[in-house]
1. Considering only Gly207, Leu177, Ile110, whose Cα is most displaced toward the positive end of the charge dipole of the stretch 91-248, charges sitting on Cβ of Lys, Arg (+1) and Asp, Glu (-1)?
2. Once the convex hull of the C-alpha atoms of the stretch 223-269 is built, how many Å³ does it hold per residue, rounded to a whole number?
3. In deg cm²/dmol and to the nearest 500, what is the mean residue ellipticity at 222 nm of the chain if only DSSP H runs of at least 4 residues count, each as -39500 (n - 2.57), divided by the residue total?
4. How large is ³J(HN,Hα) for each residue in the stretch 111-124, as worked out from phi by the Karplus curve 6.51 cos²θ - 1.76 cosθ + 1.60 (θ = phi - 60°), to whole Hz, x for Gly and Pro?
5. Limiting things to C-alpha atoms, what are the Rg and the maximum Cα-Cα separation (Dmax) for the stretch 566-657, in angstroms?
6. Provide the gained length on full extension for the span Asp83 to Lys337, in nm with one decimal, where the gain is 0.36 nm per separating residue minus the Cα-Cα distance.
7. Tell me, in nm to one decimal, what length is gained between Ala321 and Ser376 on full extension, where the rule is 0.36 nm per residue of separation less the Cα-Cα distance?
8. Could you check the simple spin-label distance between Ser440 and Asp651, using points 7 Å along Cα→Cβ, in nm with one decimal?
Amino acid sequence: METLEEFYTQILDLDFLIEYGYYDRNVKSEMNGKNNDTDRTLEEEAEVDQFYSVGDNFFPEYFSTKGLLLFLQNENLGATIDDNRNINYDSDNILGGRNHTPTDPIIFTIPKSNDLTIRRTYKIPNIYSYVRLALYISLNSDYFIDLFMNNKQSTSKYFNHFQIGDFKTTDKLSTKLLSYGNNILNLDLSNFYPTLYTHSLAWVDLGKQIAKNNRHDGIGNNLDKLVQAEQYGETHGVPTGNFLTRIIAEYFLCKIDNELEDLGYIYTRYVDDLKFSYNEEEMKDDFLSQVHIKSNEYNITLNEQKTFVETHPIKNELNKAQIFSFFDNFSSNNYLKWIDKLYDYINLCIDEESKGNKGSIKVLYTGSLFHLEDNSNINQIFTYKNPLNSYNLFKHFLDTSLKDSKLTNRFLNFTKKLISKGVSQDEINQLVSEYFEENSKKIKRKVSMCIENKYNQEVYQLLLYYLYFKVYETVDQTQLTELIGEDHPVDEEGLGFLIKIIDFSNDDFSIVLAITIYLQIVINEFFVEQDYANYDSYINKLFKKLNEVLSESYQSYLSEQDRVLNPYDVHDKSRMAEKLWFVRYHIYYLTNKYDSFKVSLNDYYRESETPRNRSGLYKSQLNWDFIKTNMSIDKFYERMLNQNVPLFYFDFENYTV
């Protein structure tokens, strides 16, 4: 097993931060030393899922930075760190110099619980800003390694590594730190990530007053500027949903740990949750007082509603012995008995989750597969439909995932493993299509509600399933019209569901999925059939809506004077630093990759009488050559486009490359 220092060296390496860090992938199989699920027990699998569930939000087959990594490995990222921990870029570094271009992140909300109205907001940073921050952290890896290795209170400093920081290991560390105390004080920092003040990153490094007088040198000041650049200059909160933010949060809290340790306090901390053991009330009051002092000094707040005391013996509400032992002594070659057993297993996991046994519903997907290894009846188990009630087991798993959008990746990985074990891909796709047809009215209502309330993950999940399982291939003409609209719509109502998803208020990931489904349908229905009149009509609707939405986004950054006098041709700021930058990049990438797409776009410019500028370039937000500037961020994306680096991975069938 690797040492702790070797582990930190690996995760703070730039390649790792790019390949796994942007989407905060769960890297348990890549770096834990056990390379497949069968190397671990069910308890170990569940442990990872329950306590270390990261990277659950974006499907890696479609949303990946693997191409970005290869691109960066062949580009000049040369830079050095001086004695004050400031970065000096080589003159030809593709990231430019020290000036930080502020960029807008992608806002993406996920449910915190089964109550959809209670949301957690992710801010996914612009790739350009993320790479700049990743480079800085990797160049200062020695600093972070020393800080993390010397910390005695944190159990989150292991960043979910399965062998070095597995739950049992960290739980034993907590037990040691909380020894000889009948009472445990539990503290929680309120809305830690959304409220963390970026200037406080320098305060914990240099001291508050020194940092206010010196805003240039040191780790903290540099992190402050780089994090601000990830969120268009905002100092309130930090971008969430990526690994770099977890590193920065751990840096910040380890610094506070050091100050409390110097005062003689021993406690345990997992990110923003603290536990302190004591026997006398005076000990508790003293510790609580010091935490309040530190909180006030660094602009963080204790959550009074989550401040509570537990007294020995403490009940373990997360015990999953019943789930783990559910299949003990069960053996059968009858696929119908397996269906009944798995039906009961689903209900058990849901019931345990409802009782507060957190993570039970996640175990459902790993536990089911664990006990089906080498089962020759696996295809029948998951594709059989009861002739009396039409019940199908796979649809039950699908339905369970759609009731909790956080299960999206688990369900898709579960499906991929079923297929690898012998379940028919075609039959699975058919079952999903049937489910969507059977529940079409409920799905439409839910999607409309989610779009209206900006419930991003739920919309994203449905679009992702629609694309992955090729539901669009089985729809009838009525459903097709609902998806892509009428031939010649006379109003907004005739545009179709997918075009309506393309809206300034929606997140980039859902918009890109909607574009992809729409394009693949239009290609299948018209391009392949050589019905070019309808193909042109439908693809022009897509171009028109995209240009309108990107123009709306762009103009939201203009002054009132520029909006009136010169709404299309202001080039003092980068469009790639603004909202919908991911959508923009994908459109420019498609234009480069697919000749048919490029030809259709040029036809649209001519048919819509798009004006040209003095250089003869069409003045459209869809035209990269028109909107690009000489700023470093645009030069960065220009090089990516020239090398056809995708950020979204999907190859259109039957389309000219």
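1. Checking the options against the dipole of the stretch 91-248, the answer is Leu177.
2. On the way: hull volume 3.9 nm³, N = 47.
For the stretch 223-269, the hull spanned by Cα atoms encloses 82 Å³ per residue.
3. Values: 31 runs with 335 residues, N = 657.
That calculation yields -15500 deg cm²/dmol at 222 nm.
4. x, 7, 8, 5, 7, 4, 6, 8, 10, 10, 9, 9, 10, 8
5. 13.5, 41
6. Numbers: separation 254, 0.36 × 254 = 91.44 nm, distance 6.85 nm.
Length difference between fully extended and current span is 84.6 nm.
7. Working: separation 55, 0.36 × 55 = 19.80 nm, distance 2.75 nm.
That pair, Ala321 and Ser376, stretches by 17.0 nm at full extension.
8. The two pseudo-label positions are separated by 3.2 nm.
The values are calculated or read from the model by the stated rules, or taken from the named source; none is laboratory data. Just so we're clear, the structure is a prediction, and the values are computed from it rather than from any experiment. Note that each Cβ is placed from the backbone with ideal geometry, even for glycine, and that neighbours are counted across all protein chains shown. Note: accessible area is taken over every heavy atom of the protein model, side chains too, but ligands, DNA and RNA are not part of it. Shrake-Rupley method; radii C 1.70, N 1.55, O 1.52, S 1.80 Å.
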